1. List the lysines whose Cα lies under 21 Å from the Cα of A:K210, skipping any in the same chain that are fewer than 8 positions away.
2. If neighbour count is taken as other Cβ atoms inside 10 Å, put A:E180, A:E384 in order from fewest to most.
3. From the phi of every residue in the stretch A:450-455, what ³J(HN,Hα) in whole Hz does the Karplus formula 6.51 cos²θ - 1.76 cosθ + 1.60 yield, where θ is phi - 60° and glycine or proline is x?
4. Each label point is 7 Å from the Cα along the Cα-to-Cβ direction; what then is the distance between the points at A:A73 and B:D4, in nm?
5. Gain in length, A:N290 to A:S381, computed as 0.36 nm per residue apart minus the alpha-carbon separation, to one decimal in nm?
6. Can you say what percent of the DSSP beta bridges in the protein assembly as shown, counting only those with both residues inside, are antiparallel? Round to 5.
7. So which of A:K248/A:K373; A:K366/A:K387; A:K204/A:K314; B:K96/B:K203; A:K353/A:K387; A:K345/A:K401 end up more than 24 Å apart by C-alpha?
8. Could you tell me the distance between the Cα centroids of the stretch B:165-193 and the stretch B:92-153, to the nearest Å?
Amino acid sequence: MKKHFLVLMTACMLLISVALAGCSNDSTEKSSGKGTVEITAWLTPQWKGVIDSSEEGADYDSFFKQAAKDFSAQYKEYDVKVNTQVIAGDQRDELLNVNLNGGTPPNVFFESVFAMGDYAHRGALEPLDDLVDDASKEDIPESIWENVKFGDNVYFYPFSQNPGTFAYNAEMFKAAGLDEYIGEENEIKTWTLAEYETILKKLKADLPKKKYSNAYPMGVFALNNQADTWNLAYLRMFGNPFFDEKGKIVVNDQAGIKATTWLKKIYDEGLTNPGAESVSSNDTNAMFQNQQLAINFTNSVLYSNAKADMESGKAPKFDMRLANIPSESGDPLTFTYVTGASVFKSDDEIKTKVAKDFVKFFSTDKELVKASKNAVPVRTSVVEEFKSEHPLFESYEANAKYIFNFTGNVAGYNQVRQVLYPELQALYTGEKKPADVVKDYQKNGNKIIEDATADSIIK
Amino acid sequence: MRTDRVRENITGYLFILPQLLLFLIFIVYPVFEGIRLSLFKISYTGETFVGFTNYMTLIKDPVFVKSTMNTVIFVIFIVALTVFFALFVASAIFDKNAKYVSLIRGSYYIPVMVSMVVMTMVWSFLLNPSNGLIPHLAREMDMSSINLLGNKNTVLPVIIFITFAINVGQAIILYIASMIGVPKDLFEAAEMDGASRTTVIFKILVPLVKPTTTYIIIMNIIAVLKIFVVIQLLTGGGPNNSSSTMMYYLYNNAFKYNQLGIASAVGVIMFLITIILSIPQLRAMFKN
């Protein structure tokens, strides 16, 4: 009896000690004199390779693995191990929320700023003002710094930017007799709205059915919130400012209704792919690469990745070029995703310090910042160095005057995104009229912004 | 006397202690924590007690009402289809050649063995309105563009069919096993009395497999209440929340919108529904 009791007690003690060991939170372990610090860095897919996607074995985390290696080699205070993890963009909020609520957020997160602003509002991010030195302030334009500031603090260290445009298949244009609308190879072509409608109609009517079977003029999507910035841009096509000066959505006006009516009109006329309510941006992207769409959304990284896929034979090769989203006024609509790293708050001060030092290292290192050429560099010095190799950099620069701030840096932006696509689904299925779509979207969106602003730490 | 009894049974208690501890930590504690959280507004910086506000918000939210209605529809139709179809297939083949029974059983069970995610992806490829096989064939046959997942009138029947097709194998296996266990002399007696096959099925088979039917109904109700993967991967709750379910609504609030209080309130409501629906089965168990 006593023996049984002893065995059971020992087993219980063992179980408890194993559990307690698992809960220990000591960030540093001693090895070779310096302590070892392990931090986690997450990123969503951006570019492949360290500096270039043509490198052997190039993958989305190649840059961070190399940056971690270089950082660890030169870091004097600790031996640093950086665990990098690539996560899908559409799973970002789920993963972050689960880990934040469980007390295990990553130390570093590299992503487009617009998707991460809510975490700054919620008080989950470390301000990074102490990392910004004068040299970087001068090298990166003020407009970019404004993009990464929430309240008075910088929360993201800007690395690159991805301007959003259209991509079009110039060969399909030629096949439909639309030669006059094709821009130069490195031009971001601007069409008027009337020209754009002509293009869509001619593509529908004159695209050779044998060569391009099952193909449509333009890609539209509303399955989820992915690439919804283009949908937001369409809502501005008739001059709607989207946000007022207080950060409230004001899409419910004549211009907003006109824009939604236009979207529904081109959809009903078969000038887009069918089934937009069940089609995601990933679907239209795949269709564009398979030449089933003549015009589709793109940003600078998607554009370079698509070109790389064509070069490597992963996707059919065709003449792909860029164009702006047209508007009624004639001025094109464009926006940019500033990408950069943020540091999540942690109870472990050492990890926070190392994470901040790591962010500063790869965001300022002269060699590593060259990787920003895979999108569009935010640093003037990198643009100057690569503009001869990448003539599109100058085109993007010329386009910059048309950029609009699509998030308004408002609190609750991520949740506001979740109420747009159900409304667009209702629009495309005919369940709601355009006027009701903008009315309901404005009402639901503003309620979210109001609640999130009340909870925000940024006043 | 009492101390002696406790001492006598202490080894038994100690043996169940690890399981009891795990049960308390991983089942009982989360349930109570969920109930507690449903009464709070939770943000990154802290928790505020709000009483039943989260429940009131839910009742007023048309998306939650729609999700609840959809869940009820799914439960009724998927469970009914599963039970009737499984009963039909099992009663048709249970007394046939063993190899034939194995073939049919295996054929229906394959989708159960394949991951739900994979099965849903296959259906997604088939039904994608822009480049899926079914809409493509419809266009080839000069039918207008069809989008079964984008039409609020067809999206529920499609999801019901897909979920039923993936799950029905389990019920067929259980029914066949149960029917094979029915004493043969009952069938022989019925044959002697000149009973038709229909009479045998409805008067002998169905009443004798009633415990299996109860089990299949309860298990399927609980499984369908938690329906999520098909919705997440196939429709994302669309079009315009037409196919949203309680579990999908809970997931969105918990992980996308970070409204943990609201999500916990949905969890509590689902927990209560499951408890209520399980009472008949629990009663039957205790009776036995």
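1. Within the straight-line limit of under 21 Å, A:K210 reaches these lysines: A:K174, A:K201, A:K202, A:K317.
2. Going from sparsest to densest Cβ surroundings: A:E180, A:E384.
3. Using θ = phi - 60°, the values come out as 4, 5, 5, 5, 5, 8 Hz.
4. About 7.9 nm separates the two model spin labels.
5. Gain on extension, A:N290 to A:S381, equals 29.1 nm.
6. In the protein assembly as shown, DSSP labels about 65 percent of beta bridges as antiparallel.
7. Pairs exceeding 24 Å: A:K248/A:K373; A:K204/A:K314; A:K353/A:K387; A:K345/A:K401.
8. Rounded to whole Å, the Cα centres lie 27 Å apart.
Read-outs: derived from the displayed coordinates by stated rules, not from any lab. Bear in mind that the values here come from a model prediction, so they are computed numbers and not experimental data. Note that we place each Cβ from the backbone using ideal geometry, even for glycine, and neighbour counts take in every protein chain shown.
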